[in-house]
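The values are calculated or read from the model by the stated rules, or taken from the named source; none is laboratory data. Note that the coordinates shown come from a computational prediction; the quantities given were computed from them, not determined experimentally. Neighbour counts are summed over all protein chains in view; Cβ atoms, including those assigned to glycine, are modelled from backbone coordinates with ideal geometry.
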Amino acid sequence: MRTSGASASAAITQDVTVSSTPNPFGSGNVFDYHNVENDAYAFQTLPFTVDSYYELDRSTSPARLLLLGSNTVDDQKNVTSVQYAPP
């Protein structure tokens, strides 16, 4: 059986903020890179929210920005959490 390719177009908008927040994976405060995305198709809009948590490691020179993990919420309200082991 042969199928033809299909495509869809969407208008994608993002609203990004960066703020200090309590570390969801440990102690202290971290940077929360908060991204709200809306993918608008012809008949529906799919929202996604991603919070990526970063820590500035000043114990090295130069300092390193470490990605600690993230939480993603999709259009069906499913939550995916990822935590990375420290380097």
* To do: Tell me, please, whether a residue that is over 30 Å from S9 (Cα atoms), out of contact with any Phe, Trp or Tyr (no Cβ under 7 Å at 6 or more places or on another chain) and of a type in the set (D, E) can be found in segment 38-47.
  => no
* To do: Taking P47 as the residue in question, decide whether it is of a type outside the set (F, W, Y), under 19 Å from N78 (Cα atoms) and not in a strand (DSSP E or B).
  => no
* Asked: For S27, which of the numbered conditions (1) closer than 16 Å to L67 by Cβ; (2) assigned to a loop (DSSP other than H, G, I, E, B) fails to hold?
  -> (1)
* So which residues in segment 1-51 are without any contact (Cβ under 8 Å) to a residue 24 or more places away in the chain and among the β-branched types (V, I, T)? -> T3, V16, T17, V18, V36, T45, V50
* Could you run through segment 1-60 and say how many residues are within 15 Å of the chain's Cα centre (by Cα) and of a type in the set (F, W, Y)? => 5
* To do: All but one of (1) surrounded by 11 or more Cβ atoms within 10 Å (Cβ to Cβ); (2) under 20 Å from V79 (Cα atoms) hold for A40, so report the exception by its number.
  => (2)
* To do: Could you identify the single residue in T80, T72, T60 that is of a type in the set (V, I, T) and surrounded by 12 or more Cβ atoms within 10 Å (Cβ to Cβ)?
  => T72
* Going through segment 54-79 one residue at a time, which ones are modelled with pLDDT of 95 or more and among the hydroxyl-bearing types (S, T, Y)? -> Y54, S70, T72
* Asked: Would you call T3 at pLDDT 95 or above and either assigned to a strand (DSSP E or B) or loosely packed, with under 12 Cβ neighbours inside 10 Å (or both)?
  -> no
